[in-house]
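Read the structure below first, then the notes.
The values are calculated or read from the model by the stated rules, or taken from the named source; none is laboratory data. In this text, all values refer to a predicted model and were calculated from it rather than measured experimentally. Positions of Cβ are generated from backbone atoms using ideal geometry, with glycine treated the same way; all protein chains shown enter the neighbour counts.
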Amino acid sequence: MGQKTALYDKHLQMNAKLVDFGGWDMPIHYGSQVEEHHIVRSDAGMFDVSHMTVVDVTGADAKEYLRYLLANDVIRLQEQGKALYSGMLNETGGVVDDLIVYLMTEPDVTGEWFRVVVNCGTREKDLRWMADHTAQFDNVALTERPELAMVAIQGPNALAKVTSVLSEARVKLINDLKVFQGRESEGWFFARTGYTGEDGLEVMVPEEYVADFWQALADAGVAPCGLGARDTLRLEAGMNLYGSDMDEKVSPLMANMGWTIAWEPAERDFVGRKALEKQRETGVKQKLVGLVLESRGVLRSHQKVMINGEEAGEITSGSFSPTLGCSIAMARVSADIADTCHVDMRGKLVEVKVVKPSFVRNGEKVYS
């Protein structure tokens, strides 16, 4: 038996099929993964993401600590609640984890407070890594927040349905949120973020209230969705999955995450900077691309990508795309790849289209 979130009993009541995910018993679907995928694209679905790890970073040195720990620069957070996506790197430039960090206070106040959300499967490694790097800072504290459950509500009708079950004050807060911004309200935290390529919210809720919140959303017409739909949705959106599309041996420059590296100011040192600068100087030999198979078949992780009969990389994430009606994948391949290549599918070379690693946004095809 794995760890259970505060919504475990709700999942059982709603006939979820539970699987082990990073040591947690989590719903893979509630009947039909494909139907759950489509309802997020067309209406609103909700996911239990309480297995994610929430860490508050506080103290007079919190900002400088995070400027050193992360490849992106939290100095860019110039508005309360603003969020930043970043890799947390090792000295060789590999990705220890990818994460979101929120500025919880007004900028430039004494003793700033940041909230970091990291992956569940890397929790122990991440917490140890974060703690180890506090040693050179005099005033920084890390506080894990296991008492906060988290629900992601995603889809074109997500905001309307969430606000239909909340107080007037919280509705106003949500209506004022910009994309990639979050704000706290009496112990609840509402962020206009997600992992599906749709608009929506990720809501951190004290555990004692989350079951009632989940039920209220269900009564308002928000469909419970499992990890299966979450994976096909994030793949269509071109969003990386840690452990598949990047890891400690893969740098952001090889994982379509170059945009998350804040190179300026040049004098800012951060963990992994020297290794990344060397890679940038010499050029990377591999990059992450999107693949589209418009004929029959399904692209799967670890299938080999072939160029002119020679192995040139492999698929890191692949699946059938319910929105597009064909198979898509992300693959790490030779940087000089052309517009088409082949994938070895059980000994048969199948031609695929090479595109930017993003396929669907807000329900619409975005690649050409």
Which condition from (1) closer than 30 Å to Asn90 by Cα; (2) surrounded by fewer than 19 Cβ atoms within 10 Å (Cβ to Cβ); (3) touching a helix residue (DSSP H, G or I) at 6+ places or on another chain (Cβ under 9 Å); (4) of a type in the set (A, V, I, L, M, F, W, C) is the one that Phe180 breaks? (3)
Is it true that some residue in region 242-251 is at pLDDT 95 or above, aromatic (Phe, Trp, Tyr) and more than 19 Å from the chain's Cα centre (by Cα)? no
Members of region 85-117 that are free of Cβ contacts under 8 Å to residues at least 60 places away in the same chain and among the aliphatic types (A, V, I, L, M): Leu99, Val101, Leu103, Val109
So Gly313 clears everything in (1) of a type outside the set (Lys, Arg); (2) closer than 30 Å to Gln154 by Cβ; (3) within 26 Å of the chain's Cα centre (by Cα) except one condition, right? Which one? (2)
Find the residue count for region 115-170, including only residues that are in the same structural domain as Ala83 (by TED's automatic domain parsing) and assigned to a helix (DSSP H, G or I). 10
Find the residue count for region 114-126, including only residues that are surrounded by fewer than 20 Cβ atoms within 10 Å (Cβ to Cβ) and modelled with pLDDT of 90 or more. 4
Residues (surrounded by 12 or more Cβ atoms within 10 Å (Cβ to Cβ) and either touching an Asp or Glu at 6+ places or on another chain (Cβ under 9 Å) or part of a strand (DSSP E or B) (or both)) located in region 264-284: Arg268, Phe270, Val271, Gly272, Lys274, Ala275
Determine, yes or no, whether Val289 is in contact (Cβ under 8 Å) with a residue 12 or more places away in the chain and touching a helix residue (DSSP H, G or I) at 6+ places or on another chain (Cβ under 6 Å). no
Could you tell me whether Ala149 is surrounded by 22 or more Cβ atoms within 10 Å (Cβ to Cβ) and among the small types (Gly, Ala, Ser)? yes
Somewhere in region 238-260, is a residue buried (at least 20 other Cβ atoms within 10 Å of the Cβ), of a type in the set (A, V, I, L, M) and part of a strand (DSSP E or B)? yes
For the condition over 28 Å from Glu64 (Cβ atoms) and either among the aromatic types (Phe, Trp, Tyr) or not assigned by TED's automatic domain parsing to the domain that holds Gln136 (or both), what is the one hit in Leu276, Leu299? Leu299
Any chance region 215-231 includes a residue that's over 22 Å from the mean Cα position of the chain (by Cα), part of a helix (DSSP H, G or I), buried (at least 21 other Cβ atoms within 10 Å of the Cβ) and among the aliphatic types (A, V, I, L, M)? yes
Does Ile28 satisfy the condition of being aliphatic (A, V, I, L, M) and closer than 25 Å to Leu227 by Cβ? yes
Being within 14 Å of Tyr65 (Cβ to Cβ) and either polar (S, T, N, Q) or within 24 Å of the chain's Cα centre (by Cα) (or both) is the filter here, so list the residues in region 133-152 that pass it. His133, Thr134, Gln136, Asn139, Leu142, Thr143
Restricting to region 332-347, give me the number of residues that are basic (Lys, Arg) and at pLDDT below 95. 1
Among (1) more than 23 Å from Asn362 (Cβ to Cβ); (2) over 18 Å from the mean Cα position of the chain (by Cα); (3) surrounded by fewer than 18 Cβ atoms within 10 Å (Cβ to Cβ), there is one condition Pro156 misses while meeting the rest; what is its number? (1)
